[in-house]
Amino acid sequence: MKTRKYSLTSIVLMTLLSAACNKTTAPDLSPVRFGTKVVSIAQLKALSTGQTVKIPDGTDGKQIVGVVISDKTGKNIDPNTIVLQSEGTDTAGIVINFDSIAPFTLGDRLSINVSGQQLVNQQGEILVSKVPLSQVQYMGKGYIKMYSTTANDLVKNADKWNGTLVTLYDGAFINGNGKYDGTLTFKETDSTQVIKSTILSGAEFEHTAYPEGINTITGIFRTNGKDHFVQIRTAADVTSSTITRIVTDNMIGLGITRYGRYYWEQPYLYDGGKFETTDFRYTTNGQTAYTQPYSADAGILSPGRSYLHLLNYAPPEYYSSRSQCNIENQGSLQGLKELRVSFIGSAVTGVLGSSEADTITVRPFNPAVDSFRLYLEFTNNGYLVNLGPAASQYSIAYKQTGKIYTAVFRIPTRHEMMKYAPIDDPNYAVSVSNWLAAPGFNITNFSTRTDTDPNSWYEGYAPVVITKIEYAF
């Protein structure tokens with residue numbers, strides 16, 4: 001079996017090209033024309049000291065930048081209105097009302113000149129009123145942040161959460177006729193606090209049935225007087241699941257090199273905003289880098305933060321050269337039902353670096369023949385285990401660069417694993433029990449990329465960037 005050992009010695013960053021706006025005619029964005037000072041959304045909302053306040057103009061003009069988290073396709077929001085959420089560490093979002101129909105779509109990154117506009121406190125919700133579309137600059141696609149919280153926290157800290165994309169888990173609609181009609185009420189099973197969700201007349205999903213066994217809703221937290229509600233954007237924001245707890249790892253811990261591999265000890269895992277003490281450990285194999293985003297991905301990944309890059313694809317027979325991440329633990333994953341891996345297919349191309357043996361060259365992505373894909377294998381103490389067909393799963397093949405995808409891998413039950421017990425293997429049941437007691441995984445880059453080099457050891461370098469891993473129990 002052919003294997004090679006590589007060490008990434010240099011990274012060549014690409015130049016990020018600015019995106020042109022084809023949604024509306026944009027003004028000159030020089031400081032004088034487009035607001036002399038960029039302020040955060042939280043800073044802008046802090047200017048609201050009355051029912052209506054004029055935002056400073058001239059040399060004190062204000063400009064904000066954020067990502068659109070509303071979705072006009074669902075028609076459950078006024079067509080002249082969007083909700084813009086901060087890209088910073090705060091949760092701030094703000095409602096923007098335009099002077100005509102807003103052409104902007106979910107995920108658009110916008111810079112908006114709000115100088116001289118009206119900041120209105122409308123029934124406890126702060127919004128910018130009747131902004132001309134000419135005051136908006138489209139800046140490409142941004143990263144949509146979603147926050148997991150509780151209904152009680154939303155109501156208790158309504159000013160903080162207003163205009164934020166949130167998800168509530170482990171609850172159900174406690175009124176209604178099983179359809180998206182009128183005002184629905186969501187209640188968590190372990191709380192007396194309820195949150196309303198209003199379906200506007202004419203919404204794309206109005207009068208359609210929502211799934212049985214509602215468990216999770218996602219939407220934008222809004223305020224209307226004493227009422228608080230989560231504004232569902234489309235029917236996809238409501239899901240049915242037996243999942244009752246989510247532990248999220250945003251993959252923000254820097255790794256250290258040990259024995260030629262990258263390790264992440266005690267990554268930042270949290271549940272409900274509280275950091276958990278776990279024994280998770282990530283190791284990597286093959287051509288893998290934990291580094292800041294390439295310039296080509298800067299429009300969707302946050303600058304100044306390191307990400308786990310799985311650079312290359314290798315066929316199954318080249319196991320030791322496959323670019324993969326191994327997740328080990330000492331029992332923290334007992335009871336896991338789903339593993340959700342969020343990642344992007346990198347848009348980077350060209351020479352990334354070289355080693356003594358080879359040059360790392362990423363060929364242009366051709367959606368007709370290429371794809372981005374992850375592969376999940378089950379491990380125990382770092383060793384592969386064969387626990388039936390469901391223990392080796394491929395994600396869907398994705399065909400677009402620069403977009404965040406979430407591959408969802410369902411974990412089979414003991415009963416499902418035992419269906420595939422070999423007659424001549426009396427230790428199979430023991431292997432199943434051992435794995436359930438201390439589950440582990442390999443997440444491998446199984447993307448494909450056309451490689452014109454006939455001497456290449458790989459199908460081609462096809463980098464994927466893992467942005468988040470969610471453990472659903």
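Just so you know, all these numbers are worked out from the coordinates, no wet-lab data involved. Quantities reported herein were computed from a predicted structural model and do not represent experimental measurements. Quick reminder, even Gly has a Cβ in these numbers, built from the backbone with ideal geometry, and neighbours come from all protein chains shown.
Rounded to the nearest 5, what % of the DSSP beta bridges within the range 47-175 are antiparallel ones? If we restrict to bridges inside the range 47-175, about 80 percent are antiparallel. With R₀ set to 45 Å, the beta-carbon distance separating residue 383 from residue 99 gives a calculated FRET efficiency near 0.10. Near the amide H of residue 125, within less than 5 Å, lie the amide hydrogens of 225, all on another chain or at least 5 residues away, with H placed in the peptide plane.
Here the extension length gained between residue 191 and residue 450 equals 87.9 nm, from 0.36 nm per residue of separation less the Cα-Cα distance.
For the cross-link pairs 72/130; 156/226; 75/130; 72/156; 160/337, which exceed 21 Å when the distance is taken from alpha carbon to alpha carbon?
Cα-Cα > 21 Å for 72/156; 160/337; rest within.
Multiplying the residue separation of residue 433 and residue 236 by 0.36 nm and removing their Cα-Cα distance gives an extension gain of 67.3 nm. The calculated FRET efficiency for residue 400 paired with residue 146, based on their beta-carbon distance and R0 = 22 Å, is about 0.65.
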